[in-house]
Amino acid sequence: MPTIDDPEVQAAGALARARCVGVLTGAGISAESGIPTFRQSMEGLWATFDPETLATPAAFARDPALVSRWYDERRRGCLAAVPNAGHRALARLERELDARSGSLTILTQNVDGLHQRAGSQRVVELHGSITVWRCTRTGAEYRDLEQPLREYPRRSDAGGLLRPGVVWFGEALPPEALAAADRLATTCDTFLSIGTSAAVYPAAGFVSLASAHGATTIEVNRDPTPLSTAVTWSIRGCAGEVLPRLVERAFGAEVPSSGTRSSHGT
Ligand code: BV8
């Protein structure tokens, strides 16, 4: 039976009182949807590659075919994946806060689009989207391109090379995403960090920024991270198990209203 000093009990109480919630998510929240986390050893053809080396402008310049193939294979995995209970719990948390004239915004480092597909409305994609390809000649963006791409690297109608619409290491985050993240971290009263090793900046820095502005900070992660000793409560566990428990403890069982899928809905 959880005791009052159980971090889950404390964190659920903070969520029940919260009015403006910020959430930073990383690859760990999509792990239970079958998408390998960013630093997990990669399988098969990619086992010999380091993602931090491939996810760079230099890698694309050196071998656009290889990098395009890597992203196209990951794109197919992301499109085939299904949001899990962790994604759905955050979508429910947003609905509960909206119902109380509060708000919840997700800052995701993930490029898989699963938060939106789980029903979350306010999602800031800090690192772009793997479903988007951008022409290096015109800047035109393409979604819903054929799977798999018909050629590597794929070219646009203008003949320019298409690159993935993600933010690579060494590239600046979209200014509007940075501004939204900064505004959220400096005004929220509660900030969650979920499924991230907190190794990548500036994304990882938003948790400390929220804390410096007086927010209660809560981490849900399978393994310890550099944030674990700095947050108000650090909960060790899988997002797909912990998040539904936290939201249910804070708001009770979700009453499916007309048009709202229950948190156990498909
Ligand atoms: C920039 C898109 C400047 C591509 C990605 C300080 C300040 C600013 C920059 C830096 C800085 N220090 C260093 C830098 C440079 C660099 C950086 O941070 N390097 C790191 C490696 C040290 N940052 C940058 O380059 C950024 N750009 O700052 O630009 C600038 C300014 C002006 C002009 C020019 C430049 C850009 C960074 C973005 C890189 N792109 N993704 C792609 O996806 O291919 S980052 C990539 O890492 C993914 O987005 C991923 O999400 C992200 C972070 O990793 P995590 O999500 O945390 O994933 P990871 O595998 O590491 O961890 C998973 C965690 O989940 C684990 O802890 C595990 O325990 C947990 N877990 C697993 N299963 C579960 C679970 N938890 C819960 N439940 C489970 N079931």
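The values are calculated or read from the model by the stated rules, or taken from the named source; none is laboratory data. The structure presented is a predicted model; accordingly, all values stated were derived computationally and were not measured. Methodologically, a virtual Cβ is constructed for each residue, glycine included, from the backbone with ideal geometry; neighbour enumeration extends over all protein chains shown.
When the test is whether a residue is touching a Leu at 6+ places or on another chain (Cβ under 7 Å), of a type outside the set (A, V, I, L, M), buried (at least 16 other Cβ atoms within 10 Å of the Cβ) and part of a loop (DSSP other than H, G, I, E, B), P36 does not pass it.
Within segment 56-99, the set of residues being surrounded by fewer than 21 Cβ atoms within 10 Å (Cβ to Cβ), out of contact with any Phe, Trp or Tyr (no Cβ under 7 Å at 6 or more places or on another chain) and assigned to a loop (DSSP other than H, G, I, E, B) comprises D63, A81, V82.
Residues are listed down the side, and each one gets a yes or a no for (1) surrounded by 18 or more Cβ atoms within 10 Å (Cβ to Cβ); (2) part of a loop (DSSP other than H, G, I, E, B):
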| site | (1), (2) |
| --- | --- |
| S101 | no, yes |
| L107 | yes, no |
| D112 | yes, yes |
| G119 | yes, yes |
| R134 | yes, no |
| G139 | no, yes |
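Residues of segment 198-239 that are among the small types (G, A, S) and surrounded by 19 or more Cβ atoms within 10 Å (Cβ to Cβ): A198, A203, A204, A210, A215, S234, A239.
Looking at segment 169-266, the helices (runs of 4 or more DSSP H) lying wholly inside it that each contain 3 or more residues that are more than 17 Å from E8 (Cβ to Cβ) and either within 16 Å of the ligand (Cβ to nearest atom) or at pLDDT 95 or above (or both) sit at 175-185, 205-212. Whether a residue is charged (D, E, K, R), over 17 Å from L104 (Cα atoms) and free of Cβ contacts under 8 Å to residues at least 40 places away in the same chain was assessed, and R222 does not pass this test. Among what's in segment 153-168 and is within 14 Å of the ligand (Cβ to nearest atom) and part of a strand (DSSP E or B), pick the residue that is surrounded by the most Cβ atoms within 10 Å (Cβ to Cβ). Within segment 153-168, the match that is surrounded by the most Cβ atoms within 10 Å (Cβ to Cβ) is P164. Within segment 110-144, if we keep just the residues that are touching a residue at least 40 places away in the same chain (Cβ under 8 Å) and over 10 Å from the mean Cα position of the chain (by Cα), the residue that is farthest from E171 (Cα to Cα) turns out to be G119.
Would you call F251 among the aromatic types (F, W, Y), on the phi < 0 side of the Ramachandran plot and crowded, with 16+ Cβ neighbours inside 10 Å? In short, yes. Restricted to segment 121-132, and to residues there that are of a type in the set (A, V, I, L, M, F, W, C) and more than 24 Å from D98 (Cβ to Cβ), the residue that is surrounded by the most Cβ atoms within 10 Å (Cβ to Cβ) is I130. Here E52 passes the criteria (1) away from the ligand (no atom under 11 Å from the Cβ); (2) part of a helix (DSSP H, G or I) except the one numbered (1).
Residue check: is A99 away from the ligand (no atom under 16 Å from the Cβ) and free of Cβ contacts under 8 Å to residues at least 60 places away in the same chain? In short, yes. Annotation note: Cβ proximity below 7 Å between a residue of segment 1-28 that is polar (S, T, N, Q) and a residue that is outside any helix (DSSP H, G or I) (sequence gap 6+ or interchain) occurs for Q10/W233; T25/I106; T25/T108; T25/Q109; T25/N110; T25/I194; T25/G195; T25/T196.
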